[in-house]
Structures are given as C-alpha cells and as structure tokens.
Amino acid sequence: GSDPRAATCRGKLQYRRSKINHEITKQMMMRNGAEKLFKATTNKKLRETVALELSFLNSNLQLLKEQLAELNSSVQIYQSENQSQLVPMIPLGLKETKDIDFKEPFKDFIMEHYSEDSSAYDGAIQEFMDVRQAARTPTRDQAGVQLLYEYYNLLYFVDRRFFPPNRSMGIFFEWFDSLTGVPSTQKTVAFEKASVLFNIAALYTQIGAKQDRGKSAGIDSAVDSFLRAAGMFCYIRENFSKPPSMDLSAETLEVLTHIMLAQARECLFEKLLLSNVEKQGVLACIEVGQEAAEVAEVYAQVHKLISMPPVKDYVPYSWISLILVQGGTLSCSGTLLHCSRLARTCR
C-alpha cells in the first residue's frame, strides 16, 4: 500500500475520513452506554444527567456526520489538474477498516483441526496480515487495484481453510460505511470480501476521475475505469445478500452502478466532441447534438433513481446537484447544437 496518510491531497482526505470514522465509533459506543443507563436507572436526577449527556453525544454525532458529508462532497480533489473547464466526475472514498490479529485464532485452528505444528506457519500468517494491512491504503493506480485483488484472492483460500460453517473463529471483521462512517461488524468472510470488492470499485472511480479528459487516451482510460467500477458494483449487488451497511445495500449499489455508467457515457460524448472540434458541417452538429441529448436523458434517469428513498437521504446532496448540473449542461449543449444546425441549413 501507499503511505497512508498524507503524501498527497487525496491521502490527507482519506486520513481525515479515517479519523472521523473512528471518532463516530467512539461517540456511538458512548451513546449506547448512556442509553442503557438511562433505561436501567429509576433515579430522577441521574436520568436528567444522562439525558443531557445523550443530547450532547447526539449533537457530536451529527457534527461528525456533517464533517464526513463535506469530505464526501470534495469531488474536485480527485480530478485531473488539466480539466478545470469540465464538469467534475463523482468518485467514491474507500471504506475504512480496523486491524485484525489473525495469529492466535489461526494457529489454534491449525493445531486442533490439522494436528500440525502451528509455529511452522507463522511466516505465512504474517504475510497474509501484511497484505491485508497494505490493502487498507492502496495506491490510486493499477498497482493498487492489483493489491486489492491479491488480498481478495487470498480470502478465498483462507475462507475455505480457516472458517468452517459449524464453528466460530472469534474473528470479527469491522468496516466503516463509505459515506456515513457508521461501523458494521460481521464474523463472515463474505462481508470482508464484499468490502474489498467495494474498495476495488471505489478505486476505479478515483482512477477514472483523475484522467485528463482533454485527450483521447485519457477519455479511453476514464471510460474503462468507470465501466469496471459499474461492473463491480453490479457484481456485489447480485452476489452479496443481507448487507450490514447502507453502502452495500442493493438500492445504493444500483444507484452507484448507474452513476458510473452515465459518467462513462458522458466521457464517450466528450470524445465525440473532441473528434468533431474541427468539423463545422451540419452532419457533425447533428451527431454531437443527438448524443448530448441522449446522455442528458441518461442523467435524468440517474437523477430519478438517486432522488428516491432511502438513497436520497444517504448520498451527499452535492452528488444530486452535480448530476442535475451534468444533465442540464448536456441538454443545453444538445439544444445549442440543434440550433446551430438549423442556422446552417437556413443560410
């Protein structure tokens, strides 16, 4: 992985997300404790004190969630420096997780189930833990994607060898929601796998957003990345049931899939526009204008999806606004080119 945490503006942003996620967890644990005490006590004075504390904790949680929402709205930081004139694309931040010590549970299982000297596997267990640790901070390029795939593939074998369906290993996988920072915990490797796949998709959204869309090669890379992200979100939705967090829910994943498909389609429109820059004929105007109108309609459908509950109250409001801007800009472009075509034919 990369050095976490701050070599780049994006690294600093992810580090701030991590800090807020852990603070949200702390505040939620304190709130849960206060709620239990409030229900358990009959002392009037103590209940008043706890009620005041709950009010304070709820205010803190709301403030933290607003700070996280602001970070999730920071789409510009992921864009290429060479495309200030273009509408920014929507990327996703990575899901955060906590460290897990697999050594003792794995070594105990090796001794009990396989009747082997567990110390012989110390190196292999440590290597697996190192890969997981590195996968928490992947670089924003193909090497980072490959690292996440490497860890995902290791999980397939670890799941088969160390997580029998009739026994609990005492290992808990905890991940934070990508947008709200709310932690979720499960014992199943399936949750770990889904979270890693989500981060692969999120990484592709960041790779796509950073491409220089002023050049044909950059547009091709952006299209490829957004389509890969869409495919991964779709795969998670079809293969992972009973998600513990909202970012892995079917409704959210469907919206994310359509956002990425729309952005890929917009990139193709930009490529068409780029190839028609020097063409001034009526046919060129017709082709570009029709494509602009079609992509605007795609964004209109995305806006309908993202405006429906429960997703509407979950995603950053800036995303909804940005989708409206993208659709409106393309619709205006289509109308402008249509008028240009009419003007040329009337000469």
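The values are calculated or read from the model by the stated rules, or taken from the named source; none is laboratory data. Fair warning: this is a prediction, and the values are worked out from it, not measured in the lab. No Cβ is skipped: glycine too gets one built from the backbone with ideal geometry, and neighbour counts run over all protein chains shown.
General remarks:
- Annotation note: of T42, T25, the sole residue that is modelled with pLDDT of 80 or more and not in a helix (DSSP H, G or I) is T42.
- The number of residues in segment 208-252 being farther than 18 Å from S275 by Cα, hydrophobic (A, V, I, L, M, F, W, C) and surrounded by fewer than 21 Cβ atoms within 10 Å (Cβ to Cβ) comes to 5.
- Residues satisfying the stated conditions in segment 175-191, i.e. within 30 Å of S318 (Cβ to Cβ) and surrounded by 18 or more Cβ atoms within 10 Å (Cβ to Cβ): W175, F176, D177, S178, L179, T180, G181, V182, P183, S184, F191
- K107 among the charged types (D, E, K, R) and under 30 Å from A229 (Cα atoms): no
- Of the criteria (1) closer than 28 Å to L261 by Cα; (2) crowded, with 17+ Cβ neighbours inside 10 Å, which one I77 fails: (2)
- Residue that is farthest from R167 (Cα to Cα), among those in segment 94-119 that are small (G, A, S) and loosely packed, with under 15 Cβ neighbours inside 10 Å: S119
- Failed item in (1) at pLDDT 85 or above; (2) of a type in the set (A, V, I, L, M, F, W, C); (3) in contact with a Leu (Cβ under 8 Å, 6 or more places away or on another chain), with A69 passing the rest: (1)
- Looking across segment 304-347, just one residue is assigned to a loop (DSSP other than H, G, I, E, B), basic (K, R) and modelled with pLDDT of 85 or more, and that is K312.
- Any hit, segment 149-168, residues being hydrophobic (A, V, I, L, M, F, W, C), surrounded by fewer than 14 Cβ atoms within 10 Å (Cβ to Cβ), within 23 Å of R228 (Cα to Cα) and at pLDDT 90 or above: no
- Restricting attention to segment 54-109, the residues that are under 24 Å from E270 (Cα atoms) and in a loop (DSSP other than H, G, I, E, B) add up to 17.
- Residue match in segment 94-111 (condition: closer than 12 Å to A209 by Cβ, hydrophobic (A, V, I, L, M, F, W, C) and touching a residue at least 12 places away in the same chain (Cβ under 8 Å)): no
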